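For reference, the structure is listed below as structure tokens.
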Amino acid sequence: MLVAAAVCPSTPLVVLGMPELRSACQAAIAALREARPDALVVVGGAEATRAYAAGAAGTLRPWGVDRTAGAGEPVLPLSLTVARLLLGDGEPQGFQSVAFGTTTAGCLALGAELGGRGDRVALLVMADGSACLSPRAPGRHDEAAGPYNDLIAKAIATGDPATLAALDPEEADRLWVSGRAALQVLAGAAGARAYRGRLLMEAAPYGVGYLAGAWLA
């Protein structure tokens, strides 16, 4: 069962800059380790759904930064590469990407499978909020983006998987919420259990919602 989860942004900025957000992510990851899981799995959005081995490598070179984590040919998508860099020397049991357009049912089913991998499973979930939060945002500014992002932030803060499970994929797509699928995988792993949630940081310096938080059973 899922005993702990951390939510961190999938942006490279969390390892290249934004030290306060990086510190919040490191605190969330520390909470995962303190839960003493027998399986730690990293989940992040990508173009395709795929499982990767614990030692898989990732690089930021396609984004113009010479930073690589892991040995061998880099195969991890961006969200999982950022997680690999945040984890440092600590390797998870595995990495799992989930396609951005995966249906809610598909996300919940994947989460349930991941949550059943051990008696004490922890997830590191790489997920951004809306990218339509201001006129400076990558997406077109939308007044609905703020309330939608607040809904996600509150769900993380209160350990509320039901709210994450109920996120509307079409609205998430319209509001450029790239982390929707990964967050719904978290909801699937959590099921109907209650968690103690903590929102460690919330920021949107470029009109994109960046959230760091932790859940403990």
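Just to verify a result, which residue in segment 9-27, among those that are among the hydroxyl-bearing types (Ser, Thr, Tyr) and not in a helix (DSSP H, G or I), is farthest from Gly179 (Cα to Cα)?
Going through the qualifying residues, I end up with Thr11.
Which one of these does Ala30 not meet: (1) part of a helix (DSSP H, G or I); (2) in contact (Cβ under 8 Å) with a residue 24 or more places away in the chain?
Unmet condition: (2).
State which residue is farthest from Gly188 (Cα to Cα) when the search covers only segment 95-119 and only residues that are without any contact (Cβ under 8 Å) to a residue 60 or more places away in the chain and surrounded by 21 or more Cβ atoms within 10 Å (Cβ to Cβ).
Phe95
Looking only at segment 158-178, which residues are under 16 Å from the mean Cα position of the chain (by Cα) and outside any helix (DSSP H, G or I)?
Gly159, Asp160, Leu167, Trp176, Val177, Ser178
Being among the charged types (D, E, K, R) and either open to solvent by less than 40 Å² (accessible area, probe 1.4 Å) or touching a residue at least 60 places away in the same chain (Cβ under 8 Å) (or both): is that true of Arg196 here?
No; evaluated as a whole, the condition is false for this residue.
If I ask for residues that are more than 21 Å from Tyr210 (Cα to Cα), touching a residue at least 60 places away in the same chain (Cβ under 8 Å) and either of a type in the set (Gly, Ala, Ser) or crowded, with 19+ Cβ neighbours inside 10 Å (or both), which ones from segment 33-68 would you list?
Ala35, Pro37, Ala39, Leu40
When you check Ala122 against the structure, is it of a type outside the set (Asp, Glu), open to solvent by less than 30 Å² (accessible area, probe 1.4 Å) and either in a loop (DSSP other than H, G, I, E, B) or out of contact with any Cys (no Cβ under 6 Å at 6 or more places or on another chain) (or both), yes or no?
yes
Does segment 193-200 include one or more residues that are more than 23 Å from Val82 (Cβ to Cβ), assigned to a helix (DSSP H, G or I) and at pLDDT 95 or above?
no
Under 9 Å by Cβ, and 6 or more places apart or on different chains, what pairs join a residue from segment 143-172 that is on the phi < 0 side of the Ramachandran plot and of a type in the set (Lys, Arg) with one that is surrounded by 15 or more Cβ atoms within 10 Å (Cβ to Cβ) and in a helix (DSSP H, G or I)?
Lys154/Thr163
Within segment 1-14, identify whether any single residue is at pLDDT below 95, open to solvent by less than 10 Å² (accessible area, probe 1.4 Å) and among the β-branched types (Val, Ile, Thr), and answer yes or no.
yes
Can you tell me which of Ala137, Ala131 is over 24 Å from Val3 (Cβ atoms), in contact (Cβ under 8 Å) with a residue 60 or more places away in the chain and surrounded by 21 or more Cβ atoms within 10 Å (Cβ to Cβ)?
Testing whether each residue is over 24 Å from Val3 (Cβ atoms), in contact (Cβ under 8 Å) with a residue 60 or more places away in the chain and surrounded by 21 or more Cβ atoms within 10 Å (Cβ to Cβ) leaves just Ala131.
Scan Val15, Val41, Val65 and give me the residue that is β-branched (Val, Ile, Thr) and over 25 Å from Ala131 (Cβ atoms).
Going through Val15, Val41, Val65 in turn, just one is β-branched (Val, Ile, Thr) and over 25 Å from Ala131 (Cβ atoms): Val41.
Hey, does segment 39-54 have a residue that's in contact with a helix residue (DSSP H, G or I) (Cβ under 8 Å, 6 or more places away or on another chain), more than 26 Å from Asp168 (Cα to Cα) and part of a helix (DSSP H, G or I)?
So far as segment 39-54 goes, no, none of its residues is in contact with a helix residue (DSSP H, G or I) (Cβ under 8 Å, 6 or more places away or on another chain), more than 26 Å from Asp168 (Cα to Cα) and part of a helix (DSSP H, G or I).
The values are calculated or read from the model by the stated rules, or taken from the named source; none is laboratory data. Model, not experiment: these values are computed from the prediction. All Cβ positions, glycine included, derive from the backbone under ideal geometry; neighbour counts span all protein chains shown. Heavy atoms of the whole protein, side chains included, go into the accessibility calculation; ligands, DNA and RNA do not. Shrake-Rupley method; radii C 1.70, N 1.55, O 1.52, S 1.80 Å.
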